[in-house]
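> Mind looking over this structure? Questions follow.
The values are calculated or read from the model by the stated rules, or taken from the named source; none is laboratory data. Predicted, not measured: the structure shown is a model, and the values here were computed from it. When we count neighbours, we look across all protein chains shown, and the Cβ atoms used for this are built from the backbone with ideal geometry, even at glycine.
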Amino acid sequence: MLKIGAVPRTRKKPKDAYHHGDLRSGIGEVASAIVNQQGSAELTVRAVAQRLGVSHAAIYHHFEDRADLLAAVAERGFDQLAAVMERATAENENALLGFREQGLSYIRFAVQHPNLFGLMFRSEAGLRSEHPNLAGAADRLLERIRRAVVACQTEGILMPGTPDEHTLFCWSGVHGLASLIVEQQLGQLTVPSDLESRAQIVVDRIFTGLGARAG
């Protein structure tokens, strides 16, 4: 299994090191690092302020409360995952290979960032109706998957049908495997133990099920 790498601890900066315009970005980076390193339970306004070397008031100037911070971290996570998947697709001119690599990159991201991945899909990040930027980031990720489905259908690789139904099937399979690996629930199965092999088993069978059939 892929070894989960530690996220480097963010160095403190003097109080005057941040300009007004980049403090929000710095807060987001530090909050994301805390979640990656220690889990979302350890994310507090105090912890972020201490790492940045700023006052609590400086944090509250940009974020209303802890829930707002959690939503921002989840939003960054969705954008990061979408970017990873976009690169995987762009590097493969063949729609099927691009879609396959997109699924593998999704699983890799989950295993490399288990705490962040968990937060992204938990209600702890706040209701999406209360955080429209988070809702938008999640929607963009879903649309990235849907576009890949449509591209494969256009090339005649996947069977005809509603793209949304195919997207539901593909996302459920890949996300389910990612969650099972992160939660270490596959020990009783006689399957390869390495991440890549497990991911390929599920992703390849998704295409077996949805592949276009001659005649």
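> List every residue pair whose Cβ atoms lie under 7 Å apart, where the two residues are 6 or more positions apart in sequence or sit on different chains, the first residue falls within the range 133-144 and is of a type in the set (S, T, N, Q), and the second residue, located anywhere, is surrounded by 14 or more Cβ atoms within 10 Å (Cβ to Cβ).
Hits for this filter: Asn133/Glu75.
> Return the residues of the range 145-168 that are modelled with pLDDT under 90 and more than 21 Å from Asn92 (Cα to Cα); say none if nothing qualifies.
Result: Pro160, Gly161.
> Looking at the range 62-74, can you tell me whether even one residue there is surrounded by 15 or more Cβ atoms within 10 Å (Cβ to Cβ), more than 23 Å from the chain's Cα centre (by Cα) and at pLDDT 90 or above?
Looking through the range 62-74, at least one residue is surrounded by 15 or more Cβ atoms within 10 Å (Cβ to Cβ), more than 23 Å from the chain's Cα centre (by Cα) and at pLDDT 90 or above.
> Which number in (1) over 16 Å from Arg140 (Cβ atoms); (2) crowded, with 18+ Cβ neighbours inside 10 Å; (3) in contact (Cβ under 8 Å) with a residue 40 or more places away in the chain marks the one condition that Val54 misses?
(3)
> Can you run down the residue pairs with Cβ atoms below 6 Å, 6 or more apart or on separate chains, where the first is in the range 83-104 and farther than 18 Å from Gly173 by Cβ and the partner is charged (D, E, K, R) and surrounded by 14 or more Cβ atoms within 10 Å (Cβ to Cβ)?
Asn92/Glu101
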